[in-house]
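Read through the structure below, which is laid out as C-alpha cells, and then see the notes.
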Amino acid sequence: MATATDPRSTLMGYSGLLAVGMVATVGSALGFQHIGGYIPCALCLLQREPYYWGVPIALGAFATAAFRLPPALTRLLIGVVGVMMLIAAGMGVYHSGVEWGFWPGPTTCSTSAATATTSAQNLLEDLNTVQEGPCTVFKSS
C-alpha cells in the first residue's frame with residue numbers, strides 16, 4: 001500500500017534545494033571575482049541582485065515548512081523566488097546579447113567594483129592601472 005508524502009517535507013526539500021542552488025550560483029560568480037580576479041561589469045553586478053534577495057526568501061520558505069506554518073505560505077515564498085529567477089534569466093539573456101553584440105548595452109556599463117585598493121600608498125597607482133570598459137569587453141586583473 002502506497003503512503004502519501006507529507007507536503008511540508010516536500011516543500012522543505014524544494015526550498016532547501018532552491019536556496020543551495022542559488023548560493024552555489026552567486027557564490028561561483030563571487031569566487032570568479034574575488035579569487036579569480038575577474039572584474040565584473042555593471043550588468044554582472046546587476047544580474048546578481050535577484051540571488052541576493054532570493055536566497056533569504058528561499059531560506060524563509062524552508063523555515064516556514066520546517067516550523068510547520070501553513071503550506072500556502074511556503075508555496076507563496078517559493079513562487080516569489082521563482083519569479084525572481086525568471087527575472088534573473090531575462091537579465092542573463094539581455095547580458096549575453098550585449099556581450100555577443102546582438103544589441104547595444106547601457107552606455108554606463110563599467111565598474112570598479114573589484115578594484116578597491118587596500119593600501120593608501122597604492123591608491124594612485126591603482127587608479128592609473130585599472131581600466132574599465134564596456135560589457136562587451138572581457139576583463140581580468
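The values are calculated or read from the model by the stated rules, or taken from the named source; none is laboratory data. These figures come from a predicted structure and were not determined experimentally. Here the Cβ positions follow ideal geometry from the backbone for every residue, glycine too, while neighbour counts run over all protein chains shown. Quick note on the areas: whole protein, heavy atoms, side chains included, nothing else; ligands and nucleic acids left out. Shrake-Rupley method; radii C 1.70, N 1.55, O 1.52, S 1.80 Å.
So, R0 is 25 Å and r is the distance between the beta-carbons of residue 52 and residue 107; what FRET efficiency does that work out to, to 0.05?
Working: r = 25 Å, r/R0 = 1.00.
With R0 = 25 Å, the Cβ-Cβ based efficiency is 0.50.
Express the accessible area of region 41-108 per residue in Å², computed with a 1.4 Å probe while the remaining protein chains stay in the model. Could you put the intermediate results ahead of the total?
Working: 4010 Å² over 68 residues.
Here the residues of region 41-108 average 59 Å² of exposed surface.
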Exercise. Estimate the FRET efficiency between residue 68 and residue 24 by the formula 1/(1 + (r/R0)^6), using the beta-carbon distance for r and 30 Å for R0, to the nearest 0.05.
Key: 0.60
